[in-house]
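The values are calculated or read from the model by the stated rules, or taken from the named source; none is laboratory data. Everything numeric in this text was worked out from a predicted model, so none of it was measured. Neighbour counts are summed over all protein chains in view; Cβ atoms, including those assigned to glycine, are modelled from backbone coordinates with ideal geometry. Note: areas computed on protein heavy atoms with side chains; ligands, DNA, RNA excluded. Shrake-Rupley method; radii C 1.70, N 1.55, O 1.52, S 1.80 Å.
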Amino acid sequence: MNKNMKISAISDTNRSASTYAVYGLTECEMLIPAGNARLRIHFSGGSLSALGSVPATFTTRSHIVMRLIEGSPQFRQGRIRKIL
């Protein structure tokens, strides 16, 4: 059983990461519907200056989280955008 756990942990690190952004905000938390529950996603690292803005971002390697974000109303409305 420990072998299986090690293999799944290694395969998670080999997955490609996806980064999502919320433009116009420096930090933000969004609630993404997940069946009867909600997933709280924290976007951070954004900045605003006289030269322009950097969006708040969230990066994940989890395909489940990617699928939930990309199926969310916020993503379909363009509030959340995939950048990488």
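Here are a few things to note about the model shown:
- Residue in the stretch 31-41 that is modelled with pLDDT of 95 or more and within 20 Å of residue 16 (Cα to Cα) present: yes
- Each residue in the stretch 63-84 was checked for being without any contact (Cβ under 8 Å) to a residue 60 or more places away in the chain, surrounded by fewer than 13 Cβ atoms within 10 Å (Cβ to Cβ) and either in a loop (DSSP other than H, G, I, E, B) or touching a strand residue (DSSP E or B) at 6+ places or on another chain (Cβ under 7 Å) (or both), and 3 pass.
- Top-ranked residue in the stretch 25-62 [being in contact (Cβ under 8 Å) with a residue 40 or more places away in the chain and among the hydrophobic types (A, V, I, L, M, F, W, C); ranked as least open to solvent (accessible area, probe 1.4 Å)]: 32
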